[in-house]
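Everything below concerns the one structure shown next.
Readers should treat all values here as calculations from the given coordinates under stated rules, not as data from a laboratory. Predicted model, so just to flag it, every value in this text is computed and none were measured. Neighbour counts run over all protein chains shown; Cβ positions are idealised from the backbone, glycine included.
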């Protein structure tokens, strides 16, 4: 498993004439961890959905290692090597934790036994092993967030899209997740793009931050640069002090 | 051997022994039972079998069909028509029957799944197709129109043409029910089966982890329709008559869904347990209404009994029963 480069080339999307995302371009180099931040409604999840194939961009293209993936179905984009989590978690509620992750692992392992072993290994690393026989619907929200990550990782992606996986976690739990993702990135070279409001996690993980507001990219740079960028301070940080 | 191991999997020996004993009993049942009880057992096996077939689509893949009479009716009519007009026996005719029903399933499935009709909207589509087909068969001379199609009643055993008495039909439906049970177990323990469950739980999340949702749903409806067509073939030769008004009736579709719903959706034993409960209740209430000499009271009691079961055992009888017996059908 190694990382892939992600290129967004001027992607845009409108819903019934309402411009959700307009002409957004940025690159996440292979093996890098970048963050996508912006106020609520800025279009972050819409950008994720275009990368993951939930809908195709109206304009522009999404490339993974140079191959155009925009316009493909979500399962094809998963084939291409993109794993994603959902902001509003979507566990397979009636299945056990282990089987949730096994479904992801079946993407790379044809046989149920192998897939289950691979799923169990991922669950151990995320600290969910003890709960593997519980039904997913019985998990607490932080555990459901972890399950989202585990299920996406089980597909062995080259690019991992994390949509607010830290939301609702306690500070110590955030640190554990940050540590896990950092190790994962260092060990496997997996490229990670995260949408996150928990700035503590963004600062700890992201080499670069892309800031969007009203569907447009307004800044990009290292955390140090972005926190001093006037446009960012105006639209986003006016309300709260950045860590 | 590998397949056997996968099928048996981690089922406790207790269950395997009980199933073996049950199968042995069923195999010798015709020698032990009188005509009446054999006919009851035949009904149970029939509902267990079609229930299993319907459960693949609803219980596993989560797609509600209220028009399964379409596939049973097509299967029955095709096989019976080929025999009636050209003397082609059902063992050959069933291939045509299955092909036609599977194609019908593929058409309904494609229209529904490709255009993302979900839940009750998909169910309405299945009803609509079943109804169109009923009207078409009312006017189709080859199939006898609304006057129906009749096979000559002949109790001399002729296995090649599936002619004979109840014992022959008993063994055929027993083989179908056992075969469907084994097939469903194998499907559930496969990648496809897990993909179905994932789709049933959340199709969007399933697709995000690489599940080809449309293809998996299509496979589910085609397998379900094909198996249901076999029940239709069996039904046509057992009862020797077919009418559009009954073969494609809404009631026929509903009765196919009852055993798995009452027994436990998405479970392997649900359709079987449900078939026993429903047929048992049906027979008991028939006797009761005969004894009370009030006609129609059977339906009232039957409806009330279903109501009570659905209210008190919403997940079905089997999960509750398995718990009481200390068994747990392993939650996948």
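Here the residues B:78, A:47, ranked from fewest to most Cβ neighbours within 10 Å of their Cβ, fall in the order B:78, A:47. Mind checking Rg over Rh on chain B, alpha carbons, Kirkwood formula for Rh? Expressed as Rg/Rh, it is 0.96. The spread of Cα positions in the protein assembly as shown, taken along each principal axis and listed from longest to shortest, comes to 92, 51, 48 Å. Counting only other chain Cβ atoms within 10 Å of each residue's Cβ, the peptide A:88-94 averages 5. Averaged over the residues of B:209-217, the number of partner chain Cβ atoms lying within 10 Å of the residue Cβ comes to 6. Mind checking the full-extension length gain between residue B:92 and residue B:183? Use 0.36 nm per residue of separation minus the Cα-Cα distance, one decimal, nm. Separation in residues times 0.36 nm, less the Cα-Cα distance, equals 30.6 nm.
The angle between the Cα long axis of helix A:141-154 and the main principal axis of chain A comes to about 80°, on a 0 to 90 degree scale.
Subtracting the Cα-Cα distance of residue B:107 and residue B:307 from their residue separation scaled by 0.36 nm leaves 68.6 nm. Computed from Cα atoms, the angle from the helix A:171-188 axis to the main principal axis of chain A rounds to 80 degrees. By DSSP, what percent of the beta bridges with both residues in chain A are antiparallel, rounded to the nearest 5? If I count the DSSP bridges inside chain A, around 55 percent turn out antiparallel. For the listed peptides B:112-124, A:198-210, a ranking on the average number of other beta carbons within 10 Å per residue, highest first, reads A:198-210, B:112-124. With the highest mean first, a sort of the peptides B:32-42, B:218-228, A:79-89 on other beta-carbon atoms found within 10 angstrom per residue produces B:218-228, A:79-89, B:32-42.
Each residue of the range A:41-96 gets 101 Å³ once the volume of the Cα convex hull is shared out per residue.
Using all pairs of distinct alpha-carbon atoms, the Kirkwood hydrodynamic radius of the range B:143-234 works out to 16.2 angstrom. Pairwise Cα distances in the range B:31-96 exceed 14 Å in 70 percent of cases. In the range A:6-237, the convex hull through the Cα atoms has an average projected area of 12.3 nm², a quarter of its surface area. Stretched out straight at 0.36 nm per residue, the stretch from residue B:239 to residue B:167 would grow longer than its current Cα-Cα span by 24.6 nm.
Post the alpha-carbon centroid distance, the range A:99-149 to the range A:3-79, in whole angstrom. With the range A:99-149 and the range A:3-79 each reduced to a Cα centre, they are spaced 27 Å.
Residues of the range B:219-238 with the amide nitrogen closer than 18 Å to a label point 7 Å from the Cα of residue B:155, along Cα-to-Cβ, please. Counting backbone N atoms under 18 Å from the label point, the list is B:237-238. As a length-normalised measure over Cα pairs under 8 Å and 6 or more apart, the relative contact order of chain A settles at 27 percent.
Legend: ranking of residues A:145, B:152, B:298, B:217 from fewest to most surrounding C-beta atoms inside 10 Å; resulting order B:152, B:298, B:217, A:145.
Computed over the Cα atoms of the range B:172-325, the ratio of the radius of gyration to the Kirkwood radius (Rg/Rh) comes to 1.02.
With the simple spin-label model, which puts each label point 7 Å out from Cα in the Cβ direction, the residue B:128 to residue A:230 separation comes to 6.0 nm. Cβ-to-Cβ counts within 10 Å put A:229, A:34, A:111 in ascending order as A:111, A:229, A:34, the fewest first.
Across every pair of non-identical alpha carbons in the range B:24-163, the mean reciprocal distance, once inverted, gives a Kirkwood radius of 17.2 Å. Each 5 Å bin, from zero up to the one with the longest distance, holds this percent of the alpha carbon pairs of the range A:1-82: 3, 15, 26, 27, 18, 7, 2, 0, 0. Calculated on the alpha-carbon coordinates, the convex hull of the range B:82-137 measures out at 81 cubic angstrom per residue. Across peptide B:242-250, the average count of Cβ atoms from other chains found within 10 Å of a residue's Cβ is 0. Per-residue ellipticity at 222 nm from helix content only, as computed over the protein assembly as shown with -39500 (n - 2.57) for each DSSP H run of at least four residues, stands at -18500 deg cm²/dmol.
Would you please classify the overall shape of the range B:104-177 from the alpha carbon gyration tensor, given that a ≥ b ≥ c denote the square roots of the eigenvalues, rounded means a/c under 1.5, and beyond that prolate means a/b larger than b/c while oblate covers the rest? Verdict is oblate for the range B:104-177. Cα convex hull, the range B:207-250: 76 Å³ per residue, rounded to a whole number.
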